[in-house]
1. Relative to the first principal axis of the alpha-carbon coordinates of the chain, what is the inclination of helix 148-159, with its axis defined by its Cα atoms, in degrees from 0 to 90 and to the nearest 10?
2. Mind checking segment 48-152 for GluC sites (Glu not before Pro) that DSSP puts in a loop (not H, G, I, E or B) and that have at most 15 other Cβ atoms within 10 Å?
3. Over the chain, what is the relative contact order in whole percent, taking alpha-carbon pairs under 8 Å and six or more residues apart?
4. May I ask which of 241/363; 241/344; 33/311; 256/327 have a Cα-Cα span longer than 18 Å here?
5. Towards the positive end of the charge dipole of the chain, with charges on Cβ (+1 Lys, Arg; -1 Asp, Glu), say which of 38, 295, 72 has the farthest Cα.
6. Among 177, 146, 374, which comes first, then next, by fewest other beta-carbon atoms within 10 Å?
7. When the Cα centres of segment 24-56 and segment 78-119 are compared, how far apart do they sit, in Å?
8. For q = 0.34 Å⁻¹, what log10 I(q)/I(0) does segment 62-104 give under the Debye formula with an equal point scatterer on each alpha carbon and no solvent?
Amino acid sequence: MPFQAVAQLLARFRDLGATRVFCKHLFENDNAKQQIYLGGSFEVLSFFPFDEVTEHPGLKEPNFKAPIDLRWVDVDSCERAQGAQLILYPKYPEVRLSGFLAGCKTAPSKYLQPVPKAARKGKDGRVLVFGTTPDKITLAFLAPGTSAIASELLEKFVTAPPDGLFLELTVPTGSNTTRAVLLATLRQIHKAGFHWSRKLDGKGGPVPYSARNGGGYTLEALLGIKPNAGAVPDFMGWEIKAYSSDRVTLMTPEPKGGFYGERGVEAFVMKYGHDTANGTRYFTGSHKVDVMSAGSGLTLVVRGFNAVDGKVTDVNGAICLIDERGKEAASWPFSQLMVHWNKKHAFAAYVPFISKKEPPEYKYESPVLLGEHTEFPKYLAALSQKAVIFDPGSKVTNPGTSHSKVKARSQFRISVRNLPLLYKTLIAESLKG
């Protein structure tokens, strides 16, 4: 027996682990031959879990591709489509879903066949529902135009139209959304006042922490987040950023290209860094796009992005550090940064804090800034406007000896006042009361 109502479908998605569900009203040219159009911006990437993006510059329409683990769901089945992937066309821009029927016997193939161009009228009655899980699975269900579920969902499109690319549906796990749960938890942390500095160990237990960056670790520990550098959000789909000054760190990806990518961080610091009185060699300096850094002598540039119209113009584009001879000292390919940015920053909470030194304690203040909905071109635009800066802190201690130690720290930062450049919405939410 097929699903009889949206509530039944949502319960099925919940039982399969979905924590976020959203849907799209399809057009007649959304089919297996012409692919499924998901949206006209790279914000689409923030909805789907994926592990990599690859560049395909030699095609008639150069693009990026991101494979996804897509599984078609029915009342008693959940089967994977073997070739599902997101295709990103920067020229337009737009994102499409392809390969969504390959190797999947239970896929709704008969409802995804091409319609002759002369017979197309625009949107039809089909609604495609997606659910995403913490273990990077994308669940999918197609409601045919004649079905009760499609009728119910189309009514939702009328009464509560999408605020963006998709219509979000509430997963029946209780009355609270992830946003509400996050705010409720942060209010409890704020109300408790100062917290002793800590971080979670490998087993999830709190241990004292005395280093200067304890503000972020302590907040993560209070939220039950183990320290991680992976490209996944921290808390129920939200990236958590604690800050105590005007600047906040956005991400810390290590370069994959240039001299740095070829030789590694130690060789890079030894070549482009500077010595200090204590014998440590540092690579530091504030780097803004198209301005030579007084600290390093390198210039940050963005290749393959048109800052005027906000479009990626080259799928081989990258953020680069260029030395005085025009050589590429380091580079971050767009494909690398796109994964990190869209997966970690689709939803982000920026939490201010104050501190005490002896013993180290932290108090998390109000309001918290909630950034929702972003896309990679917004990040590139803010970088091009010099709002985002590269502010590294890599070092080599005891260089040239058997006791040398290397620390990599490639961080991109932004002033809190410039955060609105990165998100469709940035809302200040009070933690008082």
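Just so it is clear, none of the values below were taken in a lab; they were calculated from the coordinates. Since the structure is predicted, the reported quantities are computational estimates derived from the model, not experimental observations. Cβ sites come from the backbone with ideal geometry, for glycine too, and all protein chains shown count toward neighbours.
1. 60
2. Here the GluC sites (Glu not before Pro) that fit, given the DSSP loop and packing criteria, are 52.
3. Values: 948 pairs, mean separation 70.9, N = 433.
Result for the chain is 16 percent.
4. Details: 241/363 14 Å; 241/344 11 Å; 33/311 27 Å; 256/327 15 Å.
Long pairs (Cα-Cα over 18 Å): 33/311.
5. It is 295.
6. 146, 177, 374
7. Here the two parts' Cα centres lie 9 Å apart.
8. Log-scaled intensity ratios, in q order: -1.09.
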